[in-house]
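What follows is calculated from the coordinates using simple rules that are stated; it is not laboratory data. Just so you know, these numbers come straight off a predicted model, no measurement behind them. Cβ atoms come from the backbone with ideal geometry, glycine included; neighbour counts cover every protein chain shown.
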């Protein structure tokens, strides 16, 4: 059985899910294996795939949802630990829909611990925010010395009725700590759906947004120009800059639609993955 996230459901929120998944990757037998998994509903995972004959130590895992998305007052957590020497790529099978949450936002907490000498790439598909959706995304990462990490997130607004109704809001937070407890990166932002849909939108004419943190990399960070060119090729706008304290690179991507964002983020991810993992990412079957 899965473990519940601690914290009471707000009064009046009705039924909601407080669930937490845990994955632990270790190196063994010349490859990366999943040594522990706690995967309660609505989480589901595939077996680890070996998609790189030239790099058999890389494990690729699909994280899936069995519930049709996030709903009001949901609080879902994902903890991933990558032990020393392991190399793992975790992705999703499709975009996650966030439904109208009313007065009780949904929340998704991601906790990553990547040991020295380990490599972890977490590259999910963008979130799709339906009208009235409010979502809090909180990501915290602990990186060891000589660890390599790629973490991405993104969102697009979508009204199934075609009336252009906006989502409520999205709050994004990212914190990166060194193993010795030093805070390397700490950033927060909140975006209001009505403002993004209006003529004075901070995204301008773009309708979707994505970000990526590229941390560590023993052989150096990916080339910023190459990241930008990968996004440009899909009709997206990309900017990249160094993170504080020498932590790595921050990448931001603006796209005209959710589909374009997915393509743009995949292009940027391919450049980052090749730089940190030493191999071009295999095409994901979805």
Cα-based Rg then Dmax for region 138-203, in Å, read 16.6, 50
Ranked highest first by average number of other Cβ atoms within 10 Å, how do 238-244, 179-185, 265-271 line up?
265-271, 238-244, 179-185
Tell me the label-point distance for the pair residue 205, residue 179, using the 7 Å Cα-to-Cβ offset, in nm and rounded to one decimal.
4.9 nm
Packing-wise, with mean Cβ within 10 Å as the measure, how do 228-236, 197-205 rank, highest first?
228-236, 197-205
Once fully extended, how much extra length lies between residue 55 and residue 274, figured as 0.36 nm per residue of separation less the alpha-carbon to alpha-carbon distance?
77.7 nm
Relative contact order (percent) for the chain, with alpha-carbon contacts under 8 angstrom and 6 or more residues of separation?
13 percent
Segment residue 257-residue 189, extension gain: residue separation times 0.36 nm, minus the distance between their alpha carbons:
22.4 nm
Once you place label points 7 Å from the Cα toward the Cβ at residue 46 and residue 282, how far apart are they in nm?
0.9 nm
So how many Å³ per residue does the convex hull of the Cα atoms of region 237-286 work out to?
84 Å³
Inter-label distance for residue 241 and residue 223, nm, one decimal - labels placed 7 Å from Cα along Cα-to-Cβ:
2.3 nm
Mind checking the full-extension length gain between residue 84 and residue 38? Use 0.36 nm per residue of separation minus the Cα-Cα distance, one decimal, nm.
14.5 nm
So in the chain, what percent of DSSP beta bridges are antiparallel if you round to the nearest 5?
45 percent
